[in-house]
Amino acid sequence: MIKKDLLQRLYKITMIALSTVNWSNYWQQESESFTTFSGEKEEVWREKGLLGYSEEKYIPLRRDLYLEISDYHMYEDVMLTSQYDQKNDEHFVINFVVSGNVKTIHHGVTDYVLETAGKNYIEFWESRQETEYWQKGDRILKVRVGISLSTLREMCEDSLNTLPSELQLLITGKNVPPCYRQGENNINMNSALNQIVNCPYQGFTRNFYLESKALELLALWLGENNKIGFNQISSLSRKDIIALQEVKNIMKKNLQNPPSLKELSRQLCINECKLKSGFKKLFNTTIFNYLHRQRMEYAHSLLRDKKIKITDVAMMCGYASLPSFSKAFKKYYGISPRCDRI
């Protein structure tokens, strides 16, 4: 696990600018570790300081698996520049964003990208430099699933050609060109993520539970990307892509009463078949699942305000009854809406 160290405050006008050298100038750190049933050390770092407070967990599991959970609560706007060396990293890692909104530059690979709740991403380049923008008041919660390349190679030996091209190169020991790939979590991924973050068990039961969820996330990600691949969007025209991106805006603005596929097709001048298949290719999810995710995330944000009744939250998110909303919310987050606001 690579620990982040922050250097010094370079300036403070609208944000604090930091680099990775002297984190201790801003944080007071405590840590603990204990041996898991796998015989390895689970480690936890907790930090408090002028910038906020955080907890990072490294959880080794069997089968050359591990989980990392990073949970940051920010008191200030921060610009963080980090550099990592991945030359000797023998793991494949998938990053899942559970909450937060981080604007990131992957130098030499991307311009600004938004790593927001409901997204996942993988990244490959040896000497990695990033600049991240963290917002005051934000909670940045990420879960990472890592698996050794040797174990992944054994698991995928009979179906190597179904994997994304970057992963094929990585597993076979070939050079992977610098790249960053982002996708959207599906409903099952979000459910597994929330079950990991809110794990109800202790001891060896917890370890078995987290191992099963880590494998589930890995399988869901591989299944999603095996099915659609990274290059299929090339069949979409620029006009199609613009129209499909507009679908997102329309659905976000109409959570209570979203348009039908027929209405969307007519409004955006794109046939219904291409609307459904193109959206799936471009965003790795269906229009219905995207709408569902937006409703759940909006509901989650509304539930933070305890003055709003749960029945009103249900109505504001487009649900005709409280039971149907509660059932959908529990399936998505793993807990009832009443528990979410405790």
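Details
- Entries of Lys103/Lys331; Lys103/Lys306; Lys142/Lys213; Lys213/Lys331 with Cα pairs more than 18 Å apart: Lys103/Lys331; Lys103/Lys306
- Gln267 paired with Tyr84, simple spin-label distance in nm, labels 7 Å along Cα-to-beta-carbon: 3.9
- Pairs from Lys48/Lys253; Lys280/Lys327; Lys136/Lys280 whose Cα-Cα separation, in the structure shown, is over 31 Å: Lys48/Lys253; Lys136/Lys280
- Per-residue surface analysis assigns Val109 an accessible area of about 50 Å², computed on protein heavy atoms at 1.4 Å probe radius.
- Cα→Cβ-extended label distance, 7 Å offset, between Lys274 and Glu40, nm: 4.8
- Using θ = phi - 60° in the Karplus curve 6.51 cos²θ - 1.76 cosθ + 1.60, the 3J(HN,Hα) couplings for region 296-304 round to 5, 5, 5, 4, 4, 5, 5, 5, 5 Hz; x is entered for Gly and Pro.
- In this structure, Thr286 and Ser159 have a Cβ-Cβ separation that, at R0 = 25 Å, corresponds to a calculated FRET efficiency of about 0.55.
- Whole-angstrom gap from region 324-340 to region 147-217, using each part's C-alpha centre: 26
- Straight-line cross-link partners of Lys330 among the aspartates and glutamates, defined as a Cα under 15 Å from its Cα and at least 8 positions apart when in the same chain: Glu297, Asp340.
- Using the Cβ-Cβ distance between Val176 and Asn101 with R0 = 30 Å, the FRET efficiency computed as 1/(1 + (r/R0)^6) comes to roughly 0.60.
- Only alpha carbons enter this Debye calculation for region 43-174, each as an equal point scatterer, and the log10 of I(q)/I(0) it gives at q = 0.17, 0.19, 0.20 Å⁻¹ is -1.04, -1.24, -1.32.
- Residues with amide H under 5 Å from that of Asp77, placed H, sequence gap 5 or more: Ile16, Lys136
- Solvent-accessible surface ranking, highest first, for Asp305, Asp71 at 1.4 angstrom: Asp305, Asp71
- Of the solvent-accessible surface of region 45-142, computed with a 1.4 Å probe over protein heavy atoms with every protein chain present, carbon and sulfur atoms account for 43 percent.
The values are calculated or read from the model by the stated rules, or taken from the named source; none is laboratory data. Not measured: the values here are computed from a predicted model. Glycine gets a Cβ as well: all are built from the backbone with ideal geometry, and neighbour counts include every protein chain shown. All accessible areas refer to the heavy atoms of the entire protein, side chains included, with ligands and DNA or RNA removed. Shrake-Rupley method; radii C 1.70, N 1.55, O 1.52, S 1.80 Å.
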